[in-house]
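**Student:** Below are the structure tokens for one structure; questions will follow.
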Amino acid sequence: MDPYDVTAITNELFRYAELIDAGRFTEIGELMEHCTFRYGTQGAPGPAGAAAIAESYRSSVTIYSDGTPRTRHLTTNPIVEIDGDVARVRSVYTVLQQVEGSPMQTIITGRYHDTLTRIDGRWRFTERTFLVDLVGDLSGHLRFELPRSNPAADGQPTDKEQQP
């Protein structure tokens, strides 16, 4: 496994976190232009392609007066497995948020199961599965309610879980 490839792949993971925390949803769409989102252990389909993915964030994530969602997405523990021009990556996410009137708090944790493919010499997301493990107070982050049950364990997400 080429260390350059591992670095390039993990940089894509970290770029996603940087963009969502900055509220740059159009750029998330561009980053994910070759990607299809899936939710839960059954892989319920979500948006695919740059425009649909960017719109899913614009319609579901609360943005504050500073132009951001007031979050910090931490992506940790990446396990990268490369086979030629396809990489499979499992990682953990933790999302912190601080909004006016509330202390900084962990609002959700879970896992990403990603597939990246080398396209025109660059590692690109081609599939991202969101698995939710622990849910805190998401009321200041999402414009829909995510059930507090463990959707990853349930196997089939509800309609309300069909968002990032």
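No lab work stands behind these numbers, since they all come straight from the coordinates. Predicted model only: the values in this text are computed from it and were never measured. Please note: Cβ atoms are built from the backbone with ideal geometry, for glycine as well, and neighbour counts cover all protein chains shown.
**Student:** Highest mean first, how do 112-121, 27-36 rank when packing is the count of other Cβ atoms within 10 Å averaged over residues? It would help to have the intermediate numbers written out before the result.
**Tutor:** Values: 112-121: 15.5, 27-36: 20.2.
Peptide ranking by packing, descending: 27-36, 112-121.
**Student:** I'd like to compare 135-143, 47-55: which one has the highest average count of other Cβ atoms within 10 Å, and what's the full order after that?
**Tutor:** Result, highest mean Cβ count within 10 Å first: 47-55, 135-143.
**Student:** Related question: What's the long-distance tail for the chain, i.e. % of Cα pairs beyond 28 Å?
**Tutor:** In whole percent, the share of Cα-Cα pairs in the chain beyond 28 Å is 17.
**Student:** Let me have the 222 nm mean residue ellipticity of the chain computed from DSSP H runs of 4+ only, each contributing -39500 (n - 2.57), with the sum over all residues rounded to the nearest 500.
**Tutor:** Helix contribution divided over all residues of the chain: -7500 deg cm²/dmol.
**Student:** Here is a further query. Pull out a ≥ b ≥ c, the square roots of the eigenvalues of the alpha-carbon gyration tensor of segment 1-77, then state rounded if a/c is under 1.5, prolate if not and a/b is larger than b/c, and oblate in the remaining case.
**Tutor:** Oblate is the answer for segment 1-77, as a/c is 1.5 or above yet b/c matches or exceeds a/b.
**Student:** Spin-label point model (7 Å from Cα, Cβ direction): what's the Leu74 to Glu18 distance in nm?
**Tutor:** Roughly 1.9 nm, to one decimal.
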